[in-house]
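First comes the structure, then the notes that go with it.
The values are calculated or read from the model by the stated rules, or taken from the named source; none is laboratory data. What you are looking at is a predicted structure, and each value in this text was computed from that prediction instead of being measured. Backbone-built Cβ (ideal geometry, glycine too); neighbour counts: all protein chains shown. Side chains included, ligands, DNA and RNA excluded: accessible areas come from the protein's heavy atoms. Shrake-Rupley method; radii C 1.70, N 1.55, O 1.52, S 1.80 Å.
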Amino acid sequence: MDEQRQVASFIDSHDLEAPAAIRLLDLVSEVGELAKDAVESTAYGAEAAEPTVTEEELGDAVFALLAVAEQQDIDAGTALQTAIEKYEGRIEQTADPSSDRPA
């Protein structure tokens, strides 16, 4: 995935290597910021508006996810394809992509 290579190059050129635990914590933090965007966009649920997130925060989360993939030596494109195939298989079997359908 070209984007993963971009992230890897950026990390390398700016000496931003980090251990796995830090990469995972950064990813969780960035996803939390997406959630904060969504909550704030609805005035903490007081407005019936559809939640929104900013491109900047989404980009930060994508960067963090690709940094985790790179740190773990996982090709993000391959991982995505595997996930899509898994969901397609579930849909074929149960008509539902979820792994925890009610019985």
Next on the checklist: Give me the residue from the range 11-68 that is among the hydroxyl-bearing types (S, T, Y) and assigned to a loop (DSSP other than H, G, I, E, B) and, out of that set, least open to solvent (accessible area, probe 1.4 Å).
Outcome noted: T42
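Each row is one residue, and each column tells you yes or no for (1) closer than 22 Å to M1 by Cα; (2) within 14 Å of the chain's Cα centre (by Cα); (3) small (G, A, S).
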residue	(1), (2), (3)
P19	yes, no, no
S29	no, yes, yes
D60	yes, yes, no
A67	yes, yes, yes
E70	yes, yes, no
Next on the checklist: For a quick check of your reading of the model, give me the residue pairs whose first member lies in the range 20-47 and is more than 20 Å from A8 (Cβ to Cβ), whose second is surrounded by 15 or more Cβ atoms within 10 Å (Cβ to Cβ), with beta-carbon atoms closer than 6 Å and at least 6 apart or on different chains.
Outcome noted: V31/A61; E33/E57; L34/V53; L34/E57; L34/A61; D37/V53; D37/E57; A38/V53
Checklist entry - Are any of the residues in the range 89-99 among the acidic types (D, E) and within 27 Å of V7 (Cβ to Cβ)? => result no
Checklist entry - Can you spot a residue in the range 69-78 that is at pLDDT 95 or above, out of contact with any helix residue (DSSP H, G or I) (no Cβ under 6 Å at 6 or more places or on another chain) and part of a helix (DSSP H, G or I)? => result yes
Item to check | Among (1) touching a Phe, Trp or Tyr at 6+ places or on another chain (Cβ under 6 Å); (2) part of a helix (DSSP H, G or I) - the single one G89 does not satisfy | outcome: (1)
